[in-house]
1. Mind listing whichever residues of the stretch 33-85 are within 19 Å of L118 (Cβ to Cβ), modelled with pLDDT under 90 and assigned to a loop (DSSP other than H, G, I, E, B)?
2. Tell me yes or no: at least one residue of the stretch 58-65 is in contact with a Pro (Cβ under 7 Å, 6 or more places away or on another chain) and within 22 Å of R170 (Cβ to Cβ).
3. Which number in (1) under 20 Å from L159 (Cβ atoms); (2) surrounded by fewer than 21 Cβ atoms within 10 Å (Cβ to Cβ); (3) basic (K, R) marks the one condition that R268 misses?
4. Give me the pairs, please: first residue somewhere in the stretch 269-280 and touching a residue at least 60 places away in the same chain (Cβ under 8 Å) and under 14 Å from T297 (Cβ atoms), second residue anywhere and assigned to a helix (DSSP H, G or I) and open to solvent by 30 Å² or more (accessible area, probe 1.4 Å), beta-carbon distance under 6 Å, and either six or more positions apart or on two chains.
5. If you take the residues of the stretch 131-177 that are open to solvent by 30 Å² or more (accessible area, probe 1.4 Å), assigned to a loop (DSSP other than H, G, I, E, B) and not small (G, A, S), which of them is modelled with the lowest pLDDT?
6. Only one of R226, R219, R236 is buried (at least 20 other Cβ atoms within 10 Å of the Cβ) and either free of Cβ contacts under 8 Å to residues at least 40 places away in the same chain or touching a helix residue (DSSP H, G or I) at 6+ places or on another chain (Cβ under 9 Å) (or both). Can you tell me which?
Amino acid sequence: MGSQGAVGREVPPALEPVLDDFADHLRAGRSRSEATVRAYRSDARALLSRLSTEPGGPACAADLAGAFTLPALRGWLAEQVSAGAARSSVARRVAAARSFSTWASRVGLVPTDVAARLEAPKAQRHLPEVLQTAQAAEVLRTTELGAAEGDPIAVRDQLVVELLYSCGIRVAELCGLDVDDLDRERRLLRVLGKGGRERSVPYGRPAEAALRVWLDAGRRALATDRSGPALLLGARGGRLDPRAARRIVNEVTAVTPGSPRVSPHALRHSSATHLLEGGADLRHVQELLGHSTPATTQIYTHVSADRLRAAYRGAHPRA
């Protein structure tokens, strides 16, 4: 029985409270984001659904102890691979199964944490797409030209692109900013990142200039009773949605000559790469990006190294 997708799988009604309790644990005990909670709950649902189709499979929480075994988990994952699931999807499902297993053993639903021995497939390493420094400058120039006309939407779009690139913040972090998160005297943003971790991110004079125009004119033109403390607003006055921010970046980069059409995350990648190319310390870049470990940030050193090799091969007489 194939099981590529996790969404929409049925489980015995008596197991629904187990999934609810697991999701509550992820939110409260692990401070996981809602996106992670949804993904892990969906994967756990797919796993329990698969187990319940086996003879003697679990129909309620009390049955999990006998059905939740390492061979059963490996069989479920093997089905994912056979059905053509991507390595990254299988790796996430391994992580979800491990998390569920650890929780279930702690609350006494299963006798041991059997999934601790599951091994995730090694993800294929893809270097992030980044803009060249000159391309990033042209993208910012495009937004400046649009904002110069005084349209509040264009003024906002300039600030969106400026903060994503100059601060290297995630699009969800950008859209979650409130006006009170600005420390304009010291040019700092208070950013709430993954897992509820708060950090301070500096921004430069160009971002301060874009902020000043937005706060003095653009935001006032769009603000309504539903705006609340949100720094960035949509066309109807509500907090800017991450999907709208992605569309802004897509459209701006698409109309910029010489620039590929990229996402907000590509601006974050570009920011990190350009910082390292400019001599910034890896640990400092890690703190700015909000990465929990240096290993996540090290991928940008590979991007920079690839660029250096390409420049060497193209320009050095003895390359």
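The values are calculated or read from the model by the stated rules, or taken from the named source; none is laboratory data. None of these values were measured; they are calculated from a predicted model. Cβ coordinates were reconstructed from backbone atoms using ideal geometry, including for glycine residues, and neighbour counts include every protein chain displayed. Note: areas computed on protein heavy atoms with side chains; ligands, DNA, RNA excluded. Shrake-Rupley method; radii C 1.70, N 1.55, O 1.52, S 1.80 Å.
1. Scanning the stretch 33-85 gives E54, A83, A85.
2. no
3. (2)
4. S271/Y165; H274/T133
5. That would be E149.
6. Just a single option satisfies the conditions, and that option is R219.
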